[in-house]
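Chemist: Submitted below is the structure of interest, expressed as structure tokens.
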Amino acid sequence: MDFDALIAELRTLRDNVAGVTDTVIAAVDGIPIVADAAKSIDPAEVSALAAANLGIARQAAEVTGKGTLRQTVVFSSDGYMAVYAIDRRALMVIMGDRQLNVGRLLFECRPVIDRISSILAS
């Protein structure tokens, strides 16, 4: 697996979207693969929480018949945590401060997710 290419994708996303502070790619079972995050962020803890969040959201999407889950977003008083399904095997967590441009994040993430999926598959 090309960890440098994964980190490059995460850093590009951070550079292109104002307010992105930390990023993690993890397996859907909550095991971190790679992180571009502050020292105060525990990638294992974030990955486990994101996997649980994604699992519940996937169930909600299936039960309600709304199609395939793409993302969840947690809006907090001091920022955001977005969890994106990369495929059935992996997820990406994006954390941001209050200035995170959520619209820009939505726009920028799809091609990044596609590239990350290709890297993970190789």
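The values are calculated or read from the model by the stated rules, or taken from the named source; none is laboratory data. The structure displayed is predicted, hence computed values, not measured ones. Here the Cβ is made from the backbone with ideal geometry for all residues, glycine too, and neighbour counts use every protein chain on show. SASA here: full protein model, heavy atoms, side chains in, ligands and nucleic acids out. Shrake-Rupley method; radii C 1.70, N 1.55, O 1.52, S 1.80 Å.
Chemist: Given a 1.4 Å probe and heavy atoms of the protein chains only, how would you sort Ser76, Ser117, largest accessible area at the top?
Modeler: On the way: Ser76 70, Ser117 30 Å².
Descending order: Ser76, Ser117.
Chemist: Roll a 1.4 angstrom probe over the protein heavy atoms and tell me the percent of accessible area of the chain that is carbon or sulfur. Provide the component values of the computation, followed by the final result.
Modeler: Numbers: 3530 of 6570 Å².
Answer for the chain is 54 percent, counting heavy atoms of protein chains only.
Chemist: Follow-up. Under 5 Å between amide hydrogens, which residues at least 5 positions from Thr21 or on another chain qualify, with H placed 1.01 Å from N in the peptide plane?
Modeler: Met95, Gly96, Asp97
Chemist: Probe 1.4 Å, all protein chains in place: accessible area of Ser122 in Å², nearest 10?
Modeler: That residue has around 110 Å² of solvent-accessible surface.
Chemist: Turning to a different aspect of this structure: Can you give the accessible area per residue of the chain, in Å², using a 1.4 Å probe? Before the final figure, lay out each step's value.
Modeler: Working: 6570 Å² over 122 residues.
Value returned for the chain: 54 Å² of accessible area per residue.
Chemist: Going 7 Å from the Cα of Asp78 along its beta-carbon direction, which residues of region 96-118 have the amide nitrogen within less than 20 Å of the resulting point?
Modeler: 96-102
Chemist: Defining a contact as two alpha carbons under 8 Å apart and six or more residues distant in sequence, what relative contact order in percent does region 42-98 show? Walk me through the numbers before you get to the answer.
Modeler: Numbers: 68 pairs, mean separation 15.7, N = 57.
With pairs under 8 Å counted, the relative contact order is 28 percent.
Chemist: Separate question: Would you kindly derive the ³J(HN,Hα) couplings of region 79-94 from the backbone phi angles with the Karplus curve 6.51 cos²θ - 1.76 cosθ + 1.60 (θ = phi - 60°), listing them in order in whole Hz, with x for Gly and Pro?
Modeler: Calculated HN-Hα couplings, in order: x, 9, 9, 10, 10, 10, 6, 7, 7, 6, 10, 9, 9, 10, 10, 10 Hz.
Chemist: Check which residues have an amide H placed less than 5 Å from Gln71's amide H, if you skip close sequence neighbours.
Modeler: Ala85
Chemist: Under 8 Å for C-alpha pairs, at least 6 residues apart: give me the relative contact order for the chain, rounded to a whole percent.
Modeler: 30
Chemist: Within the set of other residues whose C-beta is less than 12 Å from the C-beta of Leu6, count the net charge using Lys and Arg as +1 and Asp and Glu as -1. Spell out each step's value before the answer.
Modeler: Values: positive: Arg11, Arg115; negative: Asp2, Asp4, Glu9, Asp36.
Residues near Leu6 contribute -2 overall.
Chemist: Right, something else. Can you list the HN-Hα couplings for region 99-116, worked out from phi with the Karplus curve (6.51, -1.76, 1.60; θ = phi - 60°), rounded to whole Hz and with x for Gly and Pro?
Modeler: So the Karplus estimates, Gly and Pro as x, are 8, 4, 8, 4, x, 5, 4, 4, 5, 6, 6, 4, x, 5, 4, 4, 5, 5 Hz.
Chemist: Follow-up. Take the alpha carbon atoms of region 59-85, find their center, do the same for region 10-26, and report the distance between the two centers in whole angstrom.
Modeler: So the separation of the two Cα centres works out to 18 Å.
Chemist: Work out the length of the dipole vector of the chain about its Cα centre, built from +1 on the beta-carbon of each Lys and Arg and -1 on the beta-carbon of each Asp and Glu, and round it to the nearest 20 debye. Kindly include the intermediate steps, with their values, before the conclusion.
Modeler: Numbers: 12 positive and 15 negative charges, 79 e Å.
The calculation lands at about 380 debye.
Chemist: When a/c is below 1.5 the answer is rounded, else prolate if a/b is larger than b/c, else oblate, so apply that to the chain with a ≥ b ≥ c taken from the square roots of the Cα gyration tensor eigenvalues. Kindly include the intermediate steps, with their values, before the conclusion.
Modeler: Details: a/c = 1.34, a/b = 1.10, b/c = 1.21.
Rounded shape, in that the Cα axes give a/c under 1.5.
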